[in-house]
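See structure below.
The values are calculated or read from the model by the stated rules, or taken from the named source; none is laboratory data. Remember, predicted model here, so these are calculated numbers, not experimental data. Glycine gets a Cβ as well: all are built from the backbone with ideal geometry, and neighbour counts include every protein chain shown. For the accessible areas, the whole protein counts, side chains as well, though only heavy atoms, and no ligand, DNA or RNA atoms are used. Shrake-Rupley method; radii C 1.70, N 1.55, O 1.52, S 1.80 Å.
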Amino acid sequence: MIFRVICFILVLSHFFYGASYISLGEKAKYPKLKYFDYVNPKAPKGGVIKNYSLGTFDSLNPFVIKGTPADGLDLVYDTLLAQSLDEDYAEYALIADDIEVAKDNSYVIFHIDKRAKFSDGVSVTAQDVKFSFDILREKGSPIFRQYYADVKDAQVLDKQNIKFTFKTTKNRELALILGQLQILPKHYYEKNSFGKNPLLIPIGSGPYKIKSYKVGKEIIYERDKNYWAKDIPTRVGQFNFDTSIYEYYKDDTVALRAFLSGEYDWRIETSAKVWARGYVGKAVDSGKIKKVSIVHSLPSGMQGFFFNTRRDIFKDIRVREALFYAFDFEWSNKNLFFSQYKRTKSYFNNSIFASSGIPEGKELKILDHYKKELQETAPHIFDKPYLIPTTNGRKIVGENRRENLKYAQKLLQEAGWVVKNNQLINLKTGRPFVFTLLLDNPAFERLALSYAQDLKVLGIKMNIQKVDLSQYMNRLRDFDYDMIIAVIGQSLFPGNEQRYFWGSQSATTKGSRNYSGIKDPVIDNLIDLLLKAQDRNDQIAITRALDRVLLWGFYVIPHYYLPSFRIAYWDKIAMPSINPKYGFSQYLWWDRNIQKEQ
């Protein structure tokens, strides 16, 4: 989902400083919030943090489908409520300082803090909240229409109060979904048509404003010295740098060299090879550059090779399963990734929602409702566990590898493919099995080349096409690819977002994240059932059932995950002593040199 936190039982309370919170399922950790445990409330303000980005940008509007938005734009906007990074069930006051949820969950009313202002000094009102909700549904990315699908309308009650009425009383997450609504200034977009000029400098109520930018190269944010919420408990100890710069690099190898020479201050490392061997030089040896692995408790979600089932070549589930069995993860992990990773085994990996073994209890009862349909598409879903094929990591050598390939070949033969002259040929059309993996990130090229070799043994040719970010995003939005490498993240409380990940409607909605083009009535029904879950046990059972159906559809060849953030940074940066469980933010950090001066 767009945010991590979703709900069941709503606990409304007022606490210190008159703020409000929504706590879901358990009592909130901070009933009298002064500041979050993971911040330094005495962190000094000042200095510059230099961030890096890969690729390019051509838009300052992160809400529409057109263009590639610049990084860091979230700094411009505040939301109605703020999340805690060390809880999985609570949101606290920000623009809204009071919340009223109907006992039957038919509506929510947000009271707007009278202190809330946009960066141009104009007060935030309920009219701005309604405008934001309406404009995002009308002109924003299709994601917003799906995400707010269960919200009937927004009604301004008065200057400070807005009421959202729900279409259903069963969807318990709606109050918190709306709490994450970023607020846009109505008065600004009455003069400047929303979405017309992608490089219109936005106005928001957040901690930073855009100071300057160079398209595709750099964007500079300056801290708003008059930021209305700087003393609000949910903002204490955060956003400490006066200036935040994002510099863009076309190539990560060049970006790494720039980091090692001090061109920017920190980077999160995604390459196991670079983490193991790339950080060398005087700055590393002297301790000026530090490396840390920050363990987290976030679900890893699903990263993998995503089939586009809109393509004829991948419509047959037997073909997809065969290609799944051809992937030699163990060899790649050992030879490419220094054995740093664990294999992903679920769409909800590293969480309580991951399915395992064979279905039992509530999960089995849920799946039994769809037994007829599932026996046609996934006949072994009830009596066999979903297993990830393994090898000894030595390519062709080894019994497991041979058995995997023999099974893959059997599936391909059943689907009408045979090997002739070392090529896999379709018996009906006479065409060879050739497809293209679309890439925008060169970091995946070695893995792709390894997988291409795996497939070659079966007579399959996988071409690899590398394109720039703009072209990649355009083709992604239009579903113009055979296969991609993608990541679908998951939250601690799965809900509405599952619709635009796997729902049938999103399969034909350009710009959705249903990369595989999944159109399955069983999956649609399970998502609807999930949104109506009445307690935690039901939510867990339904999500595991959804996970199992997705896995047995073989829409993705799962990759791997790492339950930590690998961060390298220059010693000018100081960090709080406590790391939050559910994420990290560079805006909890501060300039160590300023601290020394004081």
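For region 172-186, 3J(HN,Hα) computed residue by residue from phi via the Karplus equation (6.51, -1.76, 1.60; θ = phi - 60°) reads 6, 8, 4, 4, 7, 4, 5, x, 8, 5, 7, 9, 9, x, 4 Hz, glycine and proline entered as x.
Label sites at Asp158 and Lys384, each approximated as a point 7 angstrom past Cα along Cα to Cβ, lie 6.5 nm apart.
Could you tell me what fraction of 2.2 N^0.38 Å the Cα radius of gyration of region 206-322 comes to, as a two-decimal ratio?
My calculation over the Cα atoms of region 206-322 gives 1.56.
How high is the FRET efficiency from Val48 to Thr270, r the C-beta distance, R0 22 Å, rounded to 0.05? Efficiency for this residue pair is about 0.35.
Per-residue surface analysis assigns Val522 an accessible area of about 10 Å², computed on protein heavy atoms at 1.4 Å probe radius. Around the amide H of Lys342, modelled in the peptide plane, lie the amide H atoms of Tyr561, all under 5 Å away and 5 or more residues distant in sequence or on another chain. Put a plus charge on the Cβ of each Lys and Arg, a minus charge on the Cβ of each Asp and Glu, and nothing anywhere else: the dipole of region 269-317 about its Cα centre is then about 240 debye. Heavy-atom accessible surface of region 269-360, averaged per residue, reaches 43 Å², computed with a 1.4 Å probe. Placing a pseudo-label 7 Å from each Cα along the Cα-to-Cβ vector at Lys510 and Asp58 gives an inter-label distance of 1.5 nm.
When the C-alpha to C-alpha distance is required to be over 24 Å, the pairs from Lys315/Lys365; Lys50/Lys186; Lys34/Lys130; Lys34/Lys159; Lys114/Lys581; Lys273/Lys466 that qualify are Lys315/Lys365; Lys50/Lys186; Lys34/Lys130; Lys34/Lys159; Lys114/Lys581. Of the listed residues Asp520, Asp468, the order by accessible area with a 1.4 Å probe, largest first, is Asp468, Asp520. Normalised by the number of residues in region 85-178, the average gap of Cα pairs under 8 Å and 6 or more apart makes the relative contact order 29 percent. Counting only Cβ charges, +1 for Lys and Arg and -1 for Asp and Glu, the dipole size of the chain around its Cα centre is about 1080 debye. Protein heavy-atom surface of region 301-340, 1.4 angstrom probe: 46% of the accessible area is carbon and sulfur, with nucleic acids and ligands not counted.
For Gln453 and Ile358, calculate 0.36 nm times their separation in residues minus their Cα-Cα distance, and state this gained length in nm to one decimal.
On the way: separation 95, 0.36 × 95 = 34.20 nm, distance 3.29 nm.
So the chain would gain 30.9 nm between Gln453 and Ile358.
When you work out D = kT/(6 pi eta Rh) for region 125-180 at 20 °C and 1.002 mPa s, using the Kirkwood radius from C-alpha pairs as Rh and the Stokes-Einstein form, the result is 184 µm²/s.
Could you list, in their original order, any pairs among Lys66/Lys572; Lys410/Lys519; Lys29/Lys532; Lys152/Lys519 whose Cα atoms are separated by more than 28 Å? Violating the 28 Å Cα-Cα cut-off are Lys66/Lys572. Computed over region 119-269, the range of Cα coordinates on each principal axis works out to 55, 34, 32 Å, biggest value leading.
When the Kirkwood hydrodynamic radius is evaluated over all pairs of different C-alpha atoms of region 25-168, what value in angstrom, to one decimal, is obtained?
Every distinct Cα pair counted, the radius reaches 17.9 Å.
Only protein heavy atoms count here; under a 1.4 Å probe, Ser577 has an accessible surface of about 120 Å². Taking amide H as placed 1.01 Å from N in the peptide plane, Lys152 has its amide H under 5 Å from the amide H of Thr165, Phe166, Lys167, each at least 5 places away in sequence or on another chain.
Charge dipole of region 214-283 (Cα centre as origin; +1 on each Lys and Arg Cβ, -1 on each Asp and Glu Cβ, all else neutral): 180 debye, rounded to the nearest 20.
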